[in-house]
1. Pairing the Cα long axis of helix B:220-245 with the longest principal axis of chain B, what angle in degrees results, from 0 to 90 and rounded to the nearest 10?
2. To the nearest 500 deg cm²/dmol, what mean residue ellipticity at 222 nm is calculated for chain B from DSSP H runs of n ≥ 4 alone, each contributing -39,500 (n - 2.57), summed and divided by the residues?
3. Using the number of other C-beta atoms within 10 angstrom as an exposure proxy, rank B:40, B:76, A:44 with the fewest first.
4. Which distance in nm do the two modelled labels at residue B:32 and residue B:338 give, with both placed 7 Å along the Cα-to-Cβ direction?
5. For the range B:204-248 and the range B:110-126, what is the separation of their C-alpha centers, rounded to whole Å?
6. May I ask you to derive the FRET efficiency for residue A:120 and residue B:78 from their Cβ-Cβ distance with R0 = 51 Å, giving the value to the nearest 0.05?
7. Residue A:142 to residue A:53: extension gain in nm, 0.36 nm per residue of separation minus the Cα-Cα distance?
8. What whole number of Å gives the distance from the Cα centroid of the range B:149-189 to the Cα centroid of the range B:56-91?
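Values quoted throughout were computed directly from the atomic coordinates according to the rules given, and no laboratory measurement underlies them. Everything numeric here is computed off the predicted structure, so don't read it as measured data. Every residue, glycine as well, gets a Cβ built from its backbone with ideal geometry; the counts of neighbours run over all protein chains shown.
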């Protein structure tokens, strides 16, 4: 049953599990060899269970799929490292694995930020298209404004409204261009 | 007179106490050895469950081969069969070892004779689990096997003259731990072959179609086109951004035309990419389930090693042998295999 969905959730759960294993192995080793042996079996079973529960949020996202495979592999390697060693060695290894997991998370976040920047550029394309369309309209509206007279009070009202619309469009155009250029 | 009588009574009660202590200690020493048949039965179950794990890997190999959906050839199946046959020999030897310990314990502690019998059982076990160059395992397993054999032989010469059953079982504890680690490594090695097989299936669907018949099985050409579209999208975006920044209408128009073509291209490629991703997802799902089964098989063998330590303790303390952890490990493998079959 997959119930740990997405890279963030998988990383978080594995980190929590490694902390839990470290604590359980420590307390079991203090309680004697029988408790320690039982803990070794219980904790390794939890790691098999973990790899069964992970799943990418988007199965079509090759990067996410690959990163979750890396997390599963880490859990599998940790499981093998628990057997046949003393509690202190196991605890040391857990700490090493947590730091390795943190590094993986950092690298994935950096990559995600980079992807997001690229995606933002593509997302802004329709905004640019809209601005272009509006710019063409602005020219037509400007021509219309020129045709109106200041002497006629009704025409003057329309002219003033056109001016405020033009100011708003110019502000929108500037804001959109700034956004585009900053991405 | 009265005083002498009292002294006599005290002496008599002291003697009684000493006799009681002697009888008590003798009775304690003769407490019956525990029944280890549960350990033997659980070992047989472990063997059967782990054997089923091998069947899973083999099924994966054969079904992909039959469906012609893998780049792996028959040699892969042969390699797996050779390596797995060695693992099965190890599991058979674990059962024989458990049976021999059961017989030795049932026969009662016969001092050095029992000690020698335990030593011989351990030696037979290591002789059966050792991996030679012909078994198809990796160099790592071969190396581990050589180390394990050397260690156990060394231990054998040191402890063959153990004076009691308890001493022998205790002294050979590290040997059994080493042997357990070797069998675990053999199973992990089967996992490596399973991984290779999965990768061969992924490679197969990612290769370009060779004939019109396998156009719906291989997606290499579509993946290539998809990547080309991605690259074009990147170039178009770059051109558009630069066009806007430098106010170059021609670049902007060119970029927009490219983007429009890209949309058409993506619509054509998308259904085939979705098929490819769905097939890859199904392979990855089987990979995940298979790896869990192999992992739980490794755990079961480790549980066997730990249960052996508990057996040694139970013999020493004349307490019942617990095999709960072994039973749990067997149940876990069976559950995972069931899930695999439902995929």
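1. It is inclined by approximately 60 degrees.
2. -30000 deg cm²/dmol
3. The fewest-first ordering by Cβ neighbours comes to B:76, B:40, A:44.
4. 3.5
5. Taking the Cα centre of each part, the range B:204-248 and the range B:110-126 sit 68 Å apart.
6. Efficiency for this residue pair is about 0.45.
7. Extra length available between residue A:142 and residue A:53 comes to 25.8 nm.
8. Each part's Cα centre sits 31 Å from the other's.
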